[in-house]
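Quick notes on the structure that follows.
The values are calculated or read from the model by the stated rules, or taken from the named source; none is laboratory data. Fair warning: this is a prediction, and the values are worked out from it, not measured in the lab. Please note: Cβ atoms are built from the backbone with ideal geometry, for glycine as well, and neighbour counts cover all protein chains shown.
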Amino acid sequence: MPWTTKSRAIAIFVAMLACAQASGQGLGPDASGRLPRVNQPPWPASIPGYTEVDPETGLHMTGTPQPVDLATYRLKVTGNVDHPLSLGLDDLRRMPCMLAAVLNLAGLRSSAYGIDLVSADGYATHLILAQALAPAAFLAYELEGKVIPVLHGFPLRAVLPGLTDPATKHWLGPMNLTRSDGPESWESTRC
């Protein structure tokens, strides 16, 4: 099956994120456990149209960039969990980037079946829990060792390799675990 430009761009994005994590560079803790300071990135001077290329990263633009205040940002994990979470970016930077690590920290209940990922632009993606727990699913807060740009999801983006781009959530907000027998794959809807 030939790669489309969009799927190639997604694969490159995932590879760059993974390389930053594997190299030990970036925004995670240093050898002494200290975190480097993260500053709110500037709002872009121009915003490419939907699917146009962002000249700063060479990646395609999808979604509508949202202003998210780093000082007040919290990733909330609620719903069908034993320990609801409210995590700031520094909390997330001290954890493994695997989506499963965050979900397991919340204490998934045996009746949890699906998960709703909600982005700041008002779109939600419903996944079956197995997709979110897949080893390749992760949370990204950096790109090439720097804070992820506003156009590509600052402060946090859910990356779900193997699913199409609408399942990848930019500007990730709350995650709600559900009991529903949601769809067998992702579904993206406007809240």
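Selection within segment 130-180: residues that are touching a Gly at 6+ places or on another chain (Cβ under 6 Å) and hydrophobic (A, V, I, L, M, F, W, C). The member of this set that is farthest from Gly49 (Cα to Cα) is Leu177.
Among the residues of segment 118-132, those that are under 14 Å from Asn176 (Cβ atoms), modelled with pLDDT of 90 or more, under 13 Å from the mean Cα position of the chain (by Cα) and not β-branched (Val, Ile, Thr) comprise Ser119, Ala132. With the condition kept exactly as written, say whether any residue in segment 161-171 is touching a Leu at 6+ places or on another chain (Cβ under 9 Å) and modelled with pLDDT of 90 or more. Scanning segment 161-171 turns up at least one residue that is touching a Leu at 6+ places or on another chain (Cβ under 9 Å) and modelled with pLDDT of 90 or more. For segment 52-99, taking the residues that are polar (S, T, N, Q) and over 16 Å from the mean Cα position of the chain (by Cα), the one that is surrounded by the most Cβ atoms within 10 Å (Cβ to Cβ) is identified as Asn80.
For segment 143-169, filtering for residues that are touching a Pro at 6+ places or on another chain (Cβ under 9 Å) and assigned to a strand (DSSP E or B) leaves 3.
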